[in-house]
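Q: Please read through the structure below; I'll follow up with questions.
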Amino acid sequence: MSEVSSVVNSIRRATIERVTGETNITLTLTIDGSGQADVQTGIGFLDHMLTLWARHGLFDLQVRAQGDLHIDEHHTAEDVCICLGRAIDQALGERAGIVRTAHSFVPMDEVLALVAVDLGGRPYCVVQADFVTMRVGQLGTDLVAHLFESIAFNGRFNLHSQVMYGRNDHHKIEALFKAFGRALDAATRIDVRLGGTIPSTKGVL
């Protein structure tokens, strides 16, 4: 088992490579991108969610993942999200000058979702969403909350998400990922008024 990473913080980009007995993943994230995504995890619905997350957050994302899908999708989906969280953390570096907190409401037909983030370095995750089906495509709906937890805890930030109302599970999950992308985009933006300082009264994040 091994895991290596590299980062060039001047352009807020990170590459994470994770190799375990269950998965082999390479993920590259550019915070200041244009929404370009090339995601191949072997889990079609997860590819779709990460692609639209990048598009709505204007992040550039490349993912290549091989995992033990003959067992189920859990290990691959979880490890991809661990890598995504670590890429966010490393690409942001010391997080100097960023807006830090933001939220986004996103409608998806009959669904309304809210996601709020605080990039203050303290990992926490709350997901309030009820699903009526066991799966959407190849992804079990019971995994959705865990995937957000994996991103938040490895990215060292607060992530609160809620499906406020709606019926269709595909729409619910899609609205959550879109809202997450938009909230994270807003929180990672540079506020010139900060003059490159850390956005905290403590002086560190």
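Q: What are the ³J(HN,Hα) values, in whole Hz, obtained from phi via the Karplus relation 6.51 cos²θ - 1.76 cosθ + 1.60 with θ = phi - 60°, for each residue of segment 114-128 in sequence order, with x given for Gly and Pro?
A: Values per residue, Gly and Pro as x: 10, 10, 10, 10, 9, 8, x, x, 9, x, 7, 8, 10, 10, 10 Hz.
Q: Students often check this: by mean Cβ neighbours within 10 Å, which of 169-179, 135-145 ranks highest, and how do the rest follow? Walk me through the numbers before you get to the answer.
A: Working: 169-179: 23.8, 135-145: 17.8.
Most protected by this proxy first, the peptides run 169-179, 135-145.
Q: Would you please give the residues with an amide H less than 5 Å from that of LEU112, counting only those at least 5 places away or on a separate chain, with H modeled from the backbone geometry?
A: When sequence neighbours closer than 5 places are left aside, the close amide H contacts are MET164, TYR165.
Q: Further question on the same structure: Counting other beta carbons within 10 Å of each residue's own, what order do ASP185, ASP191 fall into, fewest first?
A: So the residues, fewest neighbours to most, are ASP191, ASP185.
Q: Could I ask something else about it? Given bins 10 angstrom wide, list per bin the percent of all Cα-Cα distances in segment 47-108, short to long.
A: 16, 43, 31, 9, 1
Q: Run the simple label-point estimate for ASP72 and ARG167 please: 7 Å along Cα→C-beta, distance reported in nm.
A: Distance between label points: 2.9 nm.
Q: Under a 5 Å amide H to amide H cut-off, with H placed in plane at 1.01 Å, what residues pair with TYR124 once short-range neighbours are removed?
A: The answer is PHE157, ASN158, LEU159.
Q: Quick check on the exposure proxy: order SER200, SER10 from fewest to most C-beta atoms within 10 angstrom.
A: Taking fewest neighbouring Cβ atoms as first place, the list is SER10, SER200.
Q: Also, I was wondering about something else. Once the Cα atoms of the chain are picked out, what are the Rg and Dmax in Å?
A: According to the Cα coordinates of the chain, Rg and Dmax are 16.2, 51 Å.
Q: Let me ask something additional. May I have the pair-distance distribution P(r) for segment 13-116, computed from all Cα-Cα distances with 5 Å bins from 0 and rounded to whole percent?
A: 3, 12, 20, 22, 19, 14, 8, 3, 0
Q: What does segment 68-143 give for Rg and for Dmax, in Å, if only its C-alpha atoms count?
A: 15.7, 45
Q: Any idea which of THR197, HIS56, HIS74 is furthest toward the positive side of the dipole for the chain, if Lys and Arg beta-carbons carry +1 and Asp and Glu beta-carbons -1?
A: Projecting each Cα onto the dipole axis, the largest value belongs to THR197.
Q: I would also like to ask the following. Assuming R0 = 22 Å, what is the FRET efficiency of ILE11 and THR197, from their Cβ-Cβ distance, to the nearest 0.05? Numbers along the way, then the final one.
A: Details: r = 20 Å, r/R0 = 0.93.
E between ILE11 and THR197, to the nearest 0.05, is 0.60.
Q: Quick one: order LEU84, LEU58 by neighbouring beta-carbon count within 10 Å, fewest to most.
A: On the way: LEU84 24, LEU58 19.
Placing the least packed residue first, the sequence is LEU58, LEU84.
Read-outs throughout are calculated quantities, based only on the coordinates presented, and are distinct from any laboratory measurement. Keep in mind it's a predicted model, so treat the numbers as computed, not measured. Using ideal geometry, Cβ is built from the backbone for each residue, glycine included, and neighbour counts are taken over all protein chains shown.
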